[in-house]
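Have a look at the structure below, then the notes.
The values are calculated or read from the model by the stated rules, or taken from the named source; none is laboratory data. Small disclaimer: the values here were computed from a predicted structure and weren't measured. Every residue, glycine as well, gets a Cβ built from its backbone with ideal geometry; the counts of neighbours run over all protein chains shown.
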Amino acid sequence: MAGDEQQTTQATPGGESLTVTGGPVDRRAPTEPGGTYDGGRVSTEDLATADVTDGVLYKVRDLEVYFPIHQSFFKSMVATEKKYVKAVDRVSLDIKQGEILAVVGESGCGKTTIGRTLLRLEEATGGHILYKELPVERFTQRTLREYRKKAQIIFQDPYNSINPKQTIFDIVAEPLEVSGLVSGEHEKEERVVKAISEAGLRPATEYLYRYPHELSGGQRQRVCIAGATVLDPDMIVADEPVASLDVSIRNDILKLMVDQKETLGVTYLFITHDLSLAWVISDRIAVMYLGRIVEIGDTEEVVSNPKHPYTKALISVIPVPDPLAKREHVILQGETPNPVDIPSGCRFHPRCPEAIDACREIEPTDVHIGGDHYAACIRLT
Amino acid sequence: MSATATSAAAKTTERIEHEGLLEVRDLCTYFKLSQGWVHAVEDVSFSVSRGESLGLAGESGCGKTTAALSVLKLLPENGRIVSGEILFDGRNLTKRTEYGMSKIRWKEISMIFQGAMNALNPVQETGKQIAEPIMLHEGVSESKALDRARELFELVGINPKRVMEYPHQLSGGMRQRAMIAMALACNPKLIIGDEPTTALDVMVQAQILELIQRLRTELDLSFILISHDLSVMAETCDKGVIMYAGKIVESGSAEHLFRNPQHPYTRQLIKSFPNIHEKREMVSSIQGDPPNLLEPPPGCRFAPRCDERVADCAAVDPARIEVEPGHFVSCHLFKEAT
Amino acid sequence: MIPRRFVNWLLLWTPVVWLVLTLCTYPKNRPLIIDPQIYPPGEAPSASFSSLIGGFFAPTVANYPAWILVLAAVCVVALGAVGLVRRRKAVTMNVMLLVMGAVFAVWGLDAGGGLGGWQAGGRLGEHGWAFQTAVVVLAALCIYFWARANPERAALTTWNTHQIWRLYRANWQGMLGLYIMVFFGLLALLAPFLADHMMLDPNSQVGTTYAPPTSSYYMWLGTDQVGQSVLAEFIWSARISLVVGLLATAISTLLGAGIGIAAGFYGGWQSEVWMRLTDAFLVIPWLPLAMVLAAAWGQNFWMIILIIGITSWPGTARVVRSDTLRVRELQFIERARAIGSSNGHIMTKHVLPNVFPLIFANTVLVVAIAILSETTLSFLGLGDPLNFSWGTMLHYAWANGAAGLPAWWYLLPPGIAIVLVVLAFTFIGTAFDEVLDPKLRKREESDDRAKKRGGKSPEVAVAAAGGAVTAAGLGAGPAAGPETDKGGDR
Amino acid sequence: MDKRRYFLKKIANAVLTIVLVASFNFALFRILPGDPARLLLPKGKQPPEAVEKQRKAFNLDKPLWQQFIYYWGDTLQGEFGTSFSEKRPVSEVVAERIWPTVLLVGVGTIFATLIGMISGVFAGWRRNGTFDVVTTNLGMVFYSMPTFWFGLLMIMLFATELQWFPTGRMEEPGADLQGWDQIVSLVKHLFLPAFTFAISYVGEYHIIMRSSITGVMTEDFTLTARAKGLSDNKVLWKHVMPNALLPTVTIVMMNIGFVMSGAILSETVFNWPGLGLLAYESMEKRDYPVMQAVFLIASIAVILANLIADIMYYYLDPRVES
C-alpha cells in the first residue's frame, strides 16, 4: 500500500511462520527481539495462555502508521503516487512490564499515534506490535475484545473524555458491562467501588451517584483512571494525562500513576510533550522527532547526558523555576517539517545545529551509548 | 462636542506624580452575575518601570487576566473597576472616558493575546489588521501602514511577503509572531502579554520568548507577562507578582520570589514545577480547590488550603509586609518579622 | 429512601395522565350548555351530571385498534423479561411489567372481538376505560417499584428534574408559552363539554349569515357565512390543529432524528448517502410538494399528517447531524471504543443522551412549524373537509369574503389562536434549548476552558466561578468540594 | 482548493441536485395513485379514446425507462405538455406568470433582508437593551404569524376599512393607464402583497442576524479590535459584521430559494397574477402539467439560490480556500 518495504512485513493471513527481525533501524533495547509466532490469526486461547517471558510486555518492531492524504477523486486517479502523512515511521521499542515509559516529543511527532496503535485504535500500515509475543495486528475481532480488557487508555482532557450525562458509577462500570466480566449488580458495585477508592476518591460511595460536572478537573481525571483500572489491565496508555490540569494538582495525578505502577503492577506508556514531567515519573524516556525515536534510555541518563542534538536542544529550552539558572539555550530555528515530505538522510538535519554534510544522505541507525541508552545520530559512531 | 469636553476634563486630572511607567494602586475589579458580585481582583497593587518586565502569575481564575484587562479598561459589560487607581505615564486611567482610553489603547499600551488564531480576525488579511491601528493612531495612509507592517514582519522574523495572507494560512508560531508584530505596531511604551506562549510547543515557545526578550532590549519596552507557568516567568521577568484568588500574596524581584519565597502558596506552587537541574523528587499537590469568589472566605483567601495556617488566618485579612527591601508578602506568618 | 418529591409527583401525575388519556377519547357530545334551537323539537338532550360522569365509562373511551394493544403487550412483556433475565435490581418492577403486558394482551383480545373472530383493527371492545385505568395504575406502580429498588437513581432523577424545572421557571418566555399551551390544551381536551358537537352539523344554524357577536354563549364570536356558531367551530378546531401538529411532529422527529444521527455517527459513504438524501429533500420546496401530494392523495386527516411529517424532517436531520458530529468528536466516544463497545452501545448510551436535549428542544419548535403548515394547507383548501381546524376556518372566511365585510369576529379568533400557539411552542422550544443544553454545556465548557487556558479571559473566569456555584448547588448528596481524600478540611 | 475547482465543484453539485429533483418530479407523478394519463386529463368525463391519446402524447404507453428519456428530452426543451384548463402549452402559461412573481418577491425580499438584518445587527450589538427586547419579541410574533392571515388582516384594514390600497390584482380591471399613472397604480397594487410577503421573513432574518452578532461578539478578535482603540462603530462594521454575515448569508439565501411558499400564499390572498397564484389555481383545477412545471421551477430556484450562497461564501470567507 505505502511502499515496497512495507510489503515485506505485511501480515500474511495464511498460516506460515512470522519472524520479526530488525529493519533498517535496529533498536535492540533492552532485550533481543525474539518474538516468533507460529500461526495465522491470534485466537482468544492464544491470548489467555500468553505470558511475559523476558520481562518485556510489548515489542514494537518497525512500526509504520501512515495516513493517506485525502485527495479529490479526480486527482487521485491522475496522481502517480499517493501521499501519506507518515505519523510513525519505522519505530522499534520495547516496553518492559511494570515500567513507566515516557514518549516525549512536540505536537505532530507521532507520539500519540504510537499509543493509539498499541491499542489498535489506529491500524498500523507496517511493522509489528507484539503483546506478550503475540502480534496485535493479527488479533481476531474476538481476541481484540479480550485484549481491550488488558490495555486501556487515559486521555488528555478529563472534561471531554467522560460522558457528562453519566454518573460516576456508570462511567467506571461501563468497561465491566461492555466486557461482560461481571454478572450480578452486586459484584459490579464492589469492583467499581474498589477502583474508585484505588484512584484516590475516598470514600468511594460519596462519589458514585454524582455527575462529572460536580467534580474538579483532578477528580475527573481520577475517575478516568478508575475507569481504566477497573478491569485490571496490564497496560495503560496515558496520553498527556495532566496537560489540561492546573499545575497545583498535577503532581497528585502523576503520583497516583506511580503508586498504581507499584501496587497494581500496571505498565504505563506516558505520552507527553513536557520533558520535565516525563523526567519526574518515568523509568525510561523515548524522545521522538517527526515519526522517529531519536533517543531512548534510562530517564536520568537521557536527561543528564543527552546525546542526540534534538534531545540536547529540547532539554536546554525547558524553562525552570529559577531565574539565576540562566543557561545556554539551544533554540532550533524554523518549525518541524510537514510529516508528508520528510527530509532525506537524517530527518533532523535541516534544523540540526551540529549537522554535517553526511547527515543529508545517511539515514542514522541506533548507536548504543551504554546501558539502555541509544541515540540515532551518525556523529555518535 | 462632548468628546472635546471630556478630553478637556481629562486633561485637568492629568500629570500625576507616580513611580514608574505604570502604577496600579489597590485595584478592585468585580463582575456582576445573577447570583451576586464576583470579587475577581481585590486590592491589587503593582508597578512597572520603563524597560522593566513584570510577571503576573497564578492559577487559572486567580484574576491575573482581569487585572491586565482592567489596565486597558477592556472589561466585559458585567465587569467594573470598583475602586483603586491605575496611573500610567502621569495620567490617571481610571478617570478616563471610553474615548480617552481609545487614544491610549495600542498607541501606548498594547496587548499580545493568547491563542492568536482566535485573537486575529479570520476574514481579514494579517497585514491589514496590523496596519489598522497604525492608520488609526498615526493617521497615515494604508500603503504606508502596510509598509510598516512589512517592516514589523521582518522584525519578528516572518517573511514580509506573507503580509497579505490570512491568519489561517500561517502556522501557530507565525501567528503568535504576527500578534507580536501587531503589538509593536504603534511603538507602545508598554506591552501586556497574556499567556503569549501557552498552547505552543516547547521549541516554538522558546523561540517566541527569545524574540520578546530581544525586542525588549532593542526597543526598551516595558512588558507585563501574564502566565500560569512560573518557570516561564522566572526566565523572562525582572520582577513578579503572585496572585491567588484575586489577591496578591507575594511580590518582589524574580530572585526574591524564586530563591527566597516566603508565602506558603508561593513555595508550594514553585515546588510544583519540576526543575530538571535539581534532584528528582515527587512533591504533593496543593490540596483543595480555589475558593468561590462570589463569597470569598474571610481572612486570608489561601487559609483553607494552607498547611501552615495559624489562628488568625481564617479571620483576619493579612497585611502586606515588606520582608526584605522590595519583597512583599501578605501572610500572618510574618507579623512578628516587622 | 425514595425522595418525598418523587412520590408526590407520582401521586399528582398518575391521575393527570389518566384524565388526559380519557378525555382524548371522551364521547364527543356531552356539552354543558345546550342550545335547543338547533335540534328538532323535543330531541334536544339535557346536560346532566350523570351523563357527564357516564361519559367516562362510555364505550368510546380508550377504544383503540386491537393491533396497537397487542404491540404494546409484546413490548412491555419483552421489557420485563429482559430485566428479569439480566438480574436487574428492580425485580418487583419487572414482575409488574409482566402483569401489565398481560393486561394489554387481554385488552387487545377484547378490543379485537375475542378469540373467535379477532380483527387487528377491530373496534369492538366495550371496557376500554377499565383496561386503561388498570394500565395507568400499573405503570405508576412500575415507576414506584423501580424507585424502591434504585433509590439513589430516583433521588438523582428527582433532583435533575427539579433543577431543570427551576431553571425553566426562571425563563419568563418559557413560562408564558407554557401558560398559553395549557390554556389551548385545556380548550382542546374539554371541547366535548365546552361546545356542542352538533353545532358543527351543516344544518345547525344559530343565527343569520355573518351575525356579529352577542352575549348568548354560542354567539360570543358571532356566526359564519352559513350562520353557524364560530365559537363552536373555534373550540373544536383547537383539537384538530393541535393533534395534527403533534402527530406530524412525531413522524418528522423520528425520521429527522434517526437520519440525522445515522448521518452524523457513521462516517464515509453512509454519511454521504444520508446527507445527499437530506440535501435533496431540503431543496424541495415543501409547499408546492405538499400541494401536489394533497391534491393527488386526497383530503383527509391522516394524509395531512403524513404530508407534513415527510416534508418537515430534513431541517431536524441537519441540526441533529451537526450535533451528532460534535458529540462524536468528544473523547468519551473514543474511550468507549477503546473499551470495545459496539456501535449500538455507543449510540444509545453516549450519543443519544447527549444529543437528546437538542432533539427535544427542536421537537417543540417543529410542533410550531407543523401547526403553521397544517394551517397553511387547510387555508389553501387542502384540509380534511370533515374536521374543522383553524386553517379551515380561515379558508372559509377568505373564500366567502369575510375580509371584505369585514367580519372580524370570524377572521381574528383563529388567526390569533394560531399566532399564540405557534408563539407558545416557539417560546417553550427556545426556553428548553437554553435550559437543557447551553446552561449545562456552557457551565462545563467554561470551567473546562478556564482550566485549559489558565484563566484566559475574565468572562470565562467569571462564568467558571458561576459554574462552580451552580455545580455546588447541584450536588445531590455530599457537598461538591475539594478532593476529600487527602485530608482536605471539609 | 483553488477558486476554479471550488466553483466547479459547487456547480457540479447544483447540476446533480437539479437532475435528482427533476427525476423526483418524474417519479412523483407516476407514483401518485391513479393512472397518470387520467391524472393528466381534466376531471370529470374522461373518454377512453382521450385517455389513449393522452397516453400516446405523453409516451405513457412506453416502458418506464423510455418514458424517463422522453421526459428528459421534453424538460430540457422546456416542454411540459398542455395545460388543460387553459388549453395552451404549459411553458406559455408559466412564462407570462414569472415576471409578476419576480417583481413581488424581489421587492419583498429586498425589504425583508434590509430591515430584518439591520434591526438584527442593532439588537445583537446592544443585547437585552430596550430596542432588542422590543424588536426581538416582535420578530418572534411575525415569525409565528401565518402569512395569509396577516394578508387578510391587511385587506380588512387598509383595503376594506381605510380604502388606501386595492384589495388585490395587479391592475384595475378595465382601466387603461399609461406612463406615470401606470406606475403609481402598480405600486399601489404591489404594496400590500409585498408588505405581507416581507413581514414573514423580517422576523426570521432579525433573529438569525441577532444571534450571529452576539456569537461573534464573544470571540477574542472582537476584544483585540477594542484593545486597538477602535471605536465601537468600527469594531461593529469592520470586525464583527464580516464574521457575523457568514452564517447569515447561507440561511438568507436558502430562504430566498423558498420564496415560492411565501409567493403562493401572498399571491393567492391578493390575487396577484404570479406563479404562486398559478400554482394555487392549477391545484384547484387539478391541472397536473402546470403543477409539475411550477414544482420544477420552485425547486430549481432553491438550488440556484444555494449555489449563489456558496459563491458568495467563497468571497466572504477566505478560509474556504483551504
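Can you pull out the residues in the stretch C:1-43 that are assigned to a loop (DSSP other than H, G, I, E, B) and within 30 Å of C:Val243 (Cα to Cα)?
Hits for the stretch C:1-43 are C:Thr25, C:Tyr26, C:Pro27, C:Lys28, C:Asn29, C:Arg30, C:Pro31, C:Leu32, C:Ile33, C:Ile34, C:Asp35, C:Tyr39.
Which numbered condition in (1) more than 26 Å from C:Met93 (Cβ to Cβ); (2) more than 28 Å from the chain's Cα centre (by Cα) is the only one that C:Ala66 fails?
Result: C:Ala66 fails condition (2) only.
Restricting attention to the stretch C:383-412, and to residues there that are away from chain D (no Cβ under 11 Å) and in a helix (DSSP H, G or I), which single residue is surrounded by the most Cβ atoms within 10 Å (Cβ to Cβ)?
In this case the residue turns out to be C:Thr392.
Counting only residues that are assigned to a loop (DSSP other than H, G, I, E, B) and facing chain A (nearest Cβ under 9 Å), which one in the stretch C:297-354 is surrounded by the fewest Cβ atoms within 10 Å (Cβ to Cβ)?
Once the filter is applied, the top-ranked residue is C:Ser342.
How many of the residues in the stretch B:37-66 are more than 9 Å from every other protein chain (Cβ to nearest Cβ), among the small types (Gly, Ala, Ser) and not in a loop (DSSP other than H, G, I, E, B)?
Looking only at that region, the number is 5.
So how many residues does the stretch D:184-207 have that are surrounded by fewer than 19 Cβ atoms within 10 Å (Cβ to Cβ) and either in contact (Cβ under 8 Å) with a residue 24 or more places away in the chain or of a type outside the set (Gly, Ala, Ser) (or both)?
Of the residues in that region, 5 qualify.
Which of the residues spanning the stretch B:132-173 are over 24 Å from B:Asp201 (Cβ atoms), touching a Lys or Arg at 6+ places or on another chain (Cβ under 7 Å) and more than 11 Å from chain D (Cβ to nearest Cβ)?
Correct list: B:Pro160, B:Val163.
Out of A:Ala238, A:Ala195, A:Ala226, A:Ala278, report the one residue that is within 16 Å of the chain's Cα centre (by Cα) and either in a helix (DSSP H, G or I) or free of Cβ contacts under 8 Å to residues at least 12 places away in the same chain (or both).
A:Ala278
Of all helices (runs of 4 or more DSSP H) completely enclosed by the stretch D:208-322, which ones contain at least 3 residues that are within 21 Å of the chain's Cα centre (by Cα), touching a residue at least 12 places away in the same chain (Cβ under 8 Å) and crowded, with 19+ Cβ neighbours inside 10 Å?
The qualifying helices (runs of 4 or more DSSP H) are D:241-257, D:259-270, D:275-284, D:288-316.
Report, ordered by the first and then the second residue, all pairs with beta carbons closer than 9 Å, sequence separation of six or more or different chains, a first member in the stretch B:120-138 that is touching a residue at least 12 places away in the same chain (Cβ under 8 Å), and a second member that is aromatic (Phe, Trp, Tyr) and in a helix (DSSP H, G or I).
Once the first residue is touching a residue at least 12 places away in the same chain (Cβ under 8 Å) and sits in the stretch B:120-138, its partners that are aromatic (Phe, Trp, Tyr) and in a helix (DSSP H, G or I) give B:Leu120/D:Phe221; B:Asn121/D:Phe221; B:Pro122/D:Phe221; B:Gln124/D:Phe221; B:Thr126/B:Phe153; B:Gly127/B:Phe153; B:Gln129/D:Phe221; B:Ile130/B:Phe153.
Do you know which residues across the stretch A:174-193 are surrounded by 15 or more Cβ atoms within 10 Å (Cβ to Cβ) and either among the hydroxyl-bearing types (Ser, Thr, Tyr) or more than 9 Å from chain C (Cβ to nearest Cβ) (or both)?
Within the stretch A:174-193, A:Leu176, A:Ser179, A:Leu181, A:Val182, A:Lys188, A:Glu189, A:Arg191, A:Val192, A:Val193 meet the criteria.
When the stretch C:338-378 is examined, which residues are found to be in contact with a strand residue (DSSP E or B) (Cβ under 6 Å, 6 or more places away or on another chain) and at pLDDT 90 or above?
none
So in the stretch B:100-114, with the set limited to residues that are within 7 Å of chain D (Cβ to nearest Cβ) and under 16 Å from D:Thr222 (Cβ atoms), which one is surrounded by the fewest Cβ atoms within 10 Å (Cβ to Cβ)?
B:Ser102
Tell me yes or no: at least one residue of the stretch C:325-348 is among the aromatic types (Phe, Trp, Tyr) and within 30 Å of A:Lys150 (Cα to Cα).
The answer is yes, given that some residue of the stretch C:325-348 is among the aromatic types (Phe, Trp, Tyr) and within 30 Å of A:Lys150 (Cα to Cα).
Restricting attention to the stretch D:283-296, which residues are within 9 Å of chain C (Cβ to nearest Cβ) and modelled with pLDDT of 85 or more?
The answer is D:Val294, D:Phe295.
Just checking, which of A:Val230, A:Val237, A:Val223 is modelled with pLDDT of 90 or more, under 21 Å from B:Ser285 (Cα atoms) and either of a type in the set (Val, Ile, Thr) or in contact with a helix residue (DSSP H, G or I) (Cβ under 8 Å, 6 or more places away or on another chain) (or both)?
Exactly one of A:Val230, A:Val237, A:Val223 is modelled with pLDDT of 90 or more, under 21 Å from B:Ser285 (Cα atoms) and either of a type in the set (Val, Ile, Thr) or in contact with a helix residue (DSSP H, G or I) (Cβ under 8 Å, 6 or more places away or on another chain) (or both), namely A:Val223.
Looking at the stretch C:44-59 only, could you name the residues that are in a helix (DSSP H, G or I), within 17 Å of C:Ala195 (Cβ to Cβ) and hydroxyl-bearing (Ser, Thr, Tyr)?
C:Ser51
Which residue, of A:Asp252, A:Asp234, is over 19 Å from B:Asp289 (Cα atoms) and either acidic (Asp, Glu) or within 10 Å of chain B (Cβ to nearest Cβ) (or both)?
Of A:Asp252, A:Asp234, the one residue that is over 19 Å from B:Asp289 (Cα atoms) and either acidic (Asp, Glu) or within 10 Å of chain B (Cβ to nearest Cβ) (or both) is A:Asp234.
May I ask you to list the residues in the stretch D:195-226 that are more than 23 Å from D:Leu138 (Cβ to Cβ) and of a type in the set (Lys, Arg)?
D:Arg226
Yes/no per residue for (1) facing another protein chain (nearest Cβ under 9 Å); (2) within 17 Å of the chain's Cα centre (by Cα):
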residue: A:Ala124; (1), (2): no, yes
residue: A:His128; (1), (2): no, yes
residue: A:Tyr131; (1), (2): no, yes
residue: A:Arg138; (1), (2): no, no
residue: A:Leu144; (1), (2): yes, no
residue: A:Phe155; (1), (2): yes, yes
residue: A:Tyr159; (1), (2): yes, no
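Any idea how many residues of the stretch C:87-126 are modelled with pLDDT of 90 or more and within 12 Å of C:Phe145 (Cβ to Cβ)?
Matching residues across the stretch C:87-126 total 8.
Find the strands (runs of 3 or more DSSP E) located wholly in the stretch B:192-309 whose residues include 2 or more that are within 13 Å of chain C (Cβ to nearest Cβ) and under 22 Å from the mean Cα position of the chain (by Cα), and list them.
Output list reads B:222-227, B:239-244.
Spot the failing condition for B:Ala116; the list is (1) in contact (Cβ under 8 Å) with a residue 12 or more places away in the chain; (2) out of contact with any helix residue (DSSP H, G or I) (no Cβ under 7 Å at 6 or more places or on another chain); (3) of a type outside the set (Asp, Glu), and only one is missed.
With respect to (1) in contact (Cβ under 8 Å) with a residue 12 or more places away in the chain; (2) out of contact with any helix residue (DSSP H, G or I) (no Cβ under 7 Å at 6 or more places or on another chain); (3) of a type outside the set (Asp, Glu), B:Ala116 is out only on (2).
What's the total number of residues in the stretch A:255-275 that are within 12 Å of chain B (Cβ to nearest Cβ), part of a helix (DSSP H, G or I) and in contact (Cβ under 8 Å) with a residue 60 or more places away in the chain?
The qualifying residues number 3.
Is it true that A:Glu206 is touching a helix residue (DSSP H, G or I) at 6+ places or on another chain (Cβ under 8 Å), at the interface with chain C (Cβ under 7 Å from one of its Cβ atoms) and among the charged types (D, E, K, R)?
Yes, satisfied.
Among the numbered criteria (1) facing chain C (nearest Cβ under 8 Å); (2) under 15 Å from the mean Cα position of the chain (by Cα); (3) not acidic (Asp, Glu), which one does A:Lys149 miss?
The one condition A:Lys149 does not meet is (2).
How many residues are within 16 Å of D:Lys188 (Cα to Cα) and either touching a Lys or Arg at 6+ places or on another chain (Cβ under 8 Å) or of a type in the set (Asp, Glu) (or both) if we restrict to the stretch D:86-111?
0
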